[in-house]
Amino acid sequence: MFIEIGDFLNLRLKQMGILHLFGVPGDFNLSYLEQVEADSQLEFIGNCNELNAAYAADGYARINGFAALTTTYGVGDLSAINGIAGAYAENVPVVHISGIPPLHVVQKGTLVHHTLVDGNYDNIMNCMKEFTVAQTRLTPANAAFEIDRVLRQCFLDRRPVHIQLPSDITHVKIEVTDRPLDLSYPAVEPELLQSAVAKLCEVIGSAKNPALLIDNEASVFGVTSLLNDLSQKCSIPFASMLTAKNIMDEGSPRYVGTYVGGASQPNVRSTIEQSDCLIGVGVRFSDVGTGVFTHQIATENYIEIKPYALTIFGQDYPGIEIGQLLVELNKKVAPRKLIKPILEKQQPQVIDVPEQQKLSQDILWNAVADFLKEDDVIIGEVGTSNSALAGLKLPATAKYIAQPLWGSIGYTLPALLGSLLAAPERRQILFIGDGSFQLTVQELSTIIRHGLKPIIFLLNNGGYTIERLIMGENAAYNDIQNWHYTEIPGVFNGKHQYKSCVVETAGQLKQTLDMMHQFDGLTFIELKLPAMDAPLSLKKFASVIARFDYGDRGYEILKQRSQKIPYQKVISF
């Protein structure tokens, strides 16, 4: 059959489950956006800028599976590149469609706007190659093949891809087959697979203290239920990395906690580091995930399962796909009885706080723990919010979204837009600091424009608390201008009812949380907190990261220098 190139691309996006396209219009993608407008199943979501569009697509993909955004060549692409790089670092599959100048302009090197006016049309592609797993520039001759190739690579690697669509070919018709996009994994050689499974069965069966260490790739590649089955069948305790919050049921009797290297709880650390058969699933030993490289993993006892590779005690099994491996392993592995009892988890103490007491981080997160419900989507901005939420036990079916590895501040507000559109029926709650909020505040306008109803907690502590903890407690560079935050929803001119309020005491927090159980609409809560108040885990991490970043000598010199600086600015609410 014959179909226009833009329509064929849209058809393939829909076959990936993508029903919303984020982005910003520009003259080189308008012809493509006309085709999106004409498609009754695909909705364009206009963002306030391209960076926010990339963040929104990231949030959408974390709920929906895949996402897409469109920008215009050069200026739009480079504005979006930070969000695309974050999606690459965090294994988020996003399709980036760039509307580029007409094909004849590109081929002739004609000097046009939105370029460096040097005739070079490879520089943007070269930039995108660093942050995507597949790239293409479409032509009428290659479009049918290239669209499928690039989108399939997005599926296989679960990372961003980049498609350049010349403005003058979107309506050109090409011949395509009626076969759907191939969204299947390559089959593993049966003999190799069975050999690997047999070896795993052997080492698990002979181990005295096996354990599972699970990172975010387990969720990205959809194998968490298989890992739960393995843990249950063989009575294997499991821990999650800090970068894999709540991807497994934290209420499971086999869940021991979060592994953060030397910063782990003693029972978690002993379970992982003293295991004679530690199975790491998609684990990346980053500074964030290991308490700044304080992990002690015995390589001779370590089994590494990656999406397409397996290493058992140093022996490599290339080409083993993780899903097929775990399906076969669950069939063949012998059941085990629990040999070493898992320590009973301590229940958090309920503290009675006077209603007039000023709000603090401890008061806030103790209340939030009881406020969260099953099936919530909970989004934590880097800093005090993510640090505190990482230490809470979340409901089993709640989805947690954060960006702990790339850590781009301001990510979560646009990501909330994406997750809301992917699952509007779920209650969605954002915790974001005032500094981060100021970076991407415009996208609250888009949330309001589409009548979406999140709960937003703004932690107003007068600037960058996480940076103050690392360096510059009294430095002006960590200050920001204080806004009248609760007035911002009104500024964005929404037609739907919303509630906003300021919380300064424990009693006001309780009243506000109670109110939200009865109100169905956008809710914006400003929480006024002390500038240097933070979860204990963040305070410890900040001290360690400061010494890691500046060295012991540099840390001491800078600390002494900063303490001599008088604090000129008074943070007033």
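Solvent-accessible area per residue in region 2-175 equals 34 Å², computed with a 1.4 angstrom probe and all protein chains kept. With a Förster radius of 41 Å applied to the C-beta separation of Phe519 and Asp229, the computed FRET efficiency comes to 0.55.
Each residue of region 317-329 was assigned a 3J(HN,Hα) from its phi angle through the Karplus curve 6.51 cos²θ - 1.76 cosθ + 1.60 (θ = phi - 60°); the sequence is 10, x, x, 9, 7, 4, x, 5, 4, 6, 4, 5, 5 Hz, with glycine and proline shown as x.
Computed from phi, the 3J(HN,Hα) profile of region 490-499 under the Karplus parametrisation 6.51, -1.76, 1.60 (θ = phi - 60°) reads x, 4, 7, 6, x, 8, 9, 5, 9, 10 Hz, with x in place of Gly and Pro.
Placing R0 at 45 angstrom, the Cβ-Cβ distance between Phe492 and Leu116 gives a FRET efficiency of 0.80 after rounding to 0.05.
Counting only DSSP beta bridges with both residues in region 190-332, the antiparallel share comes to about 30 percent.
Sorted on the mean count of surrounding Cβ atoms within 10 Å across their residues, most packed first, peptides 89-102, 157-170 read 89-102, 157-170.
For region 1-21, backbone nitrogen atoms closer than 12 Å to the point 7 Å from Lys173 Cα along Cα-to-C-beta are found at 1-5.
Normalised by the number of residues in region 410-458, the mean separation of alpha-carbon contacts (under 8 Å, six or more apart) gives a relative contact order of 50 percent. When each of the peptides 202-214, 453-465 is scored by the mean number of other C-beta atoms lying within 10 Å of its residues, the order from highest to lowest reads 453-465, 202-214.
Counting only DSSP beta bridges with both residues in the chain, the antiparallel share comes to about 15 percent.
With a cut-off of 8 Å between alpha carbons and a minimum separation of six or more residues, what is the relative contact order of the chain in percent? Dividing the mean separation by the residue count of the chain yields 12 percent. A Stokes-Einstein calculation at 20 °C with viscosity 1.002 mPa s, built on the Kirkwood radius of region 2-175 over Cα pairs, returns a diffusion coefficient of 138 µm²/s. Potential lengthening of the chain between Gln442 and Asn123 amounts to 111.9 nm, from the contour at 0.36 nm per residue minus the alpha-carbon distance.
Could you give the distance between the Cα centres of region 297-341 and region 520-553, to the whole Å? Result: 37 Å between the Cα centres.
When both region 44-84 and region 207-232 are represented by their alpha-carbon centers, they are found 31 Å apart. Its relative contact order, with pairs defined as Cα atoms under 8 Å and 6+ residues apart, puts region 361-563 at 22 percent.
Protein heavy-atom surface of the chain, 1.4 angstrom probe: 52% of the accessible area is carbon and sulfur, with nucleic acids and ligands not counted.
Relative to one another, the C-alpha centroids of region 140-181 and region 1-20 are positioned 9 Å apart. 3J(HN,Hα) along region 57-70, derived from phi through the Karplus expression 6.51 cos²θ - 1.76 cosθ + 1.60 where θ = phi - 60°, amounts to 4, 4, x, 4, 5, 5, 9, 7, x, 9, 8, 9, 9, 10 Hz, with x in place of Gly and Pro.
The values are calculated or read from the model by the stated rules, or taken from the named source; none is laboratory data. Keep in mind the model is a prediction, meaning the values are calculated, not measured. Cβ coordinates were reconstructed from backbone atoms using ideal geometry, including for glycine residues, and neighbour counts include every protein chain displayed. Ligands, DNA and RNA are excluded from the accessible area calculation, which covers all protein heavy atoms including side chains. Shrake-Rupley method; radii C 1.70, N 1.55, O 1.52, S 1.80 Å.
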